[in-house]
Amino acid sequence: MPDVARPEAVSAPVRRLGIFGGTFDPPHVGHLVTAVNVRHALALDLVLLVVAGSPWQKEGSRRISPAPDRLAMVRAAVGDAAGIEVSSIEVDRPGPSYTIDTLTDLRSQFPGAECFTILGEDAAALVPTWERYREVLALTRLVVVDRPGSVCEVPAITEWIRVEVPHLEVSSTDLRARFADGRPLDYLVPPAVLRVASERGLYRSDDIVWAAKR
Ligand code: ATP
Ligand code: MG
């Protein structure tokens, strides 16, 4: 179930639903700015930040922070932003986090809602590698935003909606390196996220050592 902590999220019907998935390890201003600007540009009633429970395409390539920790950071990042909610649907579902399963579940939770799946260009390039991606295309429209620093081409598998958002060259990969070597994270990550990361002991330098050994 998506988090529905605020009463208005329960009562207002959601007709246009944005779904913005990610590993969010950690969440950063690039994610948040994308979510609020796509919501505005496409007049979405709600954008759900869907935290990948088991990001199967990334597993094995690096240490991934535990899903409950990433979920806590995303909740802290979103705070009480209007029209943005955090979904634990993939964290609560066992097995690999396939978008097709998430879409199927969300469509029954939000009956009648039109779904818009939001992706940075780099993630859009990978859609043809997703599990049952043609079924995904039948259930949702895809919304692509520029990913500064990425030179990925969006595959010609469907019609994409392009949305312009402020270009912020921020990535979780760079932020993890900053955590590890002590460079500043200020203004790249909301302070509430930094507090959660610190309380939970995330992003110690052994993450980087682990990556280097492989
Ligand atoms: P990592 O470096 O670990 O891959 P990331 O910064 O790419 O992390 P993800 O959780 O992988 O973050 O991305 C989730 C979604 O957010 C993807 O669709 C990705 O393209 C998009 N995204 C991430 N950062 C930005 C950004 N700065 N601007 C626009 N979209 C972004
Ligand atoms: Mg990424």
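The values are calculated or read from the model by the stated rules, or taken from the named source; none is laboratory data. Note that the structure is predicted; figures quoted are calculated from it, not measured. Heads up, the Cβs are rebuilt from the backbone with ideal geometry, glycines too, and the neighbour counts pull from every protein chain shown.
Checking every residue in the stretch 149-172 against the condition of being in a helix (DSSP H, G or I), of a type outside the set (Asp, Glu) and modelled with pLDDT of 95 or more gives at least one match.
Glu135 fails exactly one of the following numbered conditions: (1) part of a helix (DSSP H, G or I); (2) within 16 Å of ligand 2 (Cβ to nearest atom); (3) acidic (Asp, Glu). What is the number of that condition? Glu135 satisfies every listed condition except (2). Here Val33 clears all of (1) at pLDDT 95 or above; (2) more than 10 Å from ligand 1 (Cβ to nearest atom); (3) out of contact with any Ser or Thr (no Cβ under 7 Å at 6 or more places or on another chain) except the condition numbered (2). The single condition among (1) assigned to a loop (DSSP other than H, G, I, E, B); (2) in contact with a strand residue (DSSP E or B) (Cβ under 6 Å, 6 or more places away or on another chain) that Val86 does not meet is (1). Considering Leu119, Leu175, the condition of being within 16 Å of ligand 2 (Cβ to nearest atom), modelled with pLDDT of 95 or more, surrounded by 15 or more Cβ atoms within 10 Å (Cβ to Cβ) and not in a helix (DSSP H, G or I) is satisfied by Leu119 alone. Residues in the stretch 30-46 include none that are under 21 Å from Arg200 (Cα atoms), within 16 Å of the chain's Cα centre (by Cα) and of a type outside the set (Phe, Trp, Tyr). Looking only at residues in the stretch 56-84 that are within 16 Å of ligand 2 (Cβ to nearest atom) and under 11 Å from the mean Cα position of the chain (by Cα), the one that is farthest from Asp25 (Cα to Cα) is Val74. The condition of being over 15 Å from Leu32 (Cα atoms), surrounded by 15 or more Cβ atoms within 10 Å (Cβ to Cβ) and more than 10 Å from ligand 1 (Cβ to nearest atom) does not hold for Ala124.
Under the condition of being farther than 15 Å from Phe24 by Cα and either surrounded by 15 or more Cβ atoms within 10 Å (Cβ to Cβ) or not acidic (Asp, Glu) (or both), the residues counted in the stretch 186-201 number 6. Hey, any hits in the stretch 128-135 for a residue that's surrounded by 14 or more Cβ atoms within 10 Å (Cβ to Cβ), farther than 14 Å from Tyr98 by Cβ and touching a Phe, Trp or Tyr at 6+ places or on another chain (Cβ under 8 Å)? Scanning the stretch 128-135 turns up no residue that is surrounded by 14 or more Cβ atoms within 10 Å (Cβ to Cβ), farther than 14 Å from Tyr98 by Cβ and touching a Phe, Trp or Tyr at 6+ places or on another chain (Cβ under 8 Å). Hey, does the stretch 92-105 have a residue that's within 24 Å of Cys152 (Cα to Cα) and part of a helix (DSSP H, G or I)? Yes, the stretch 92-105 contains at least one residue that is within 24 Å of Cys152 (Cα to Cα) and part of a helix (DSSP H, G or I). Do we find that Thr140 is among the polar types (S, T, N, Q), surrounded by 12 or more Cβ atoms within 10 Å (Cβ to Cβ) and touching a Cys at 6+ places or on another chain (Cβ under 9 Å) in this structure? Yes; evaluated as a whole, the condition is true for this residue. Cβ-Cβ contacts under 6 Å between residues 6 or more apart (or on different chains), taken from a first residue in the stretch 18-31 that is outside any loop (DSSP other than H, G, I, E, B) to a second residue that is of a type in the set (Ser, Thr, Tyr), are listed as Ile19/Thr117. The set of residues in the stretch 33-51 being surrounded by fewer than 22 Cβ atoms within 10 Å (Cβ to Cβ) and within 16 Å of ligand 2 (Cβ to nearest atom) consists of Val33 alone. Within the stretch 119-145, residues that are without any contact (Cβ under 8 Å) to a residue 60 or more places away in the chain have Cβ atoms under 7 Å from residues that are acidic (Asp, Glu) in these pairs: Glu121/Asp146; Ala125/Glu153; Val144/Glu121, counting only partners at least 6 apart in sequence or on another chain.
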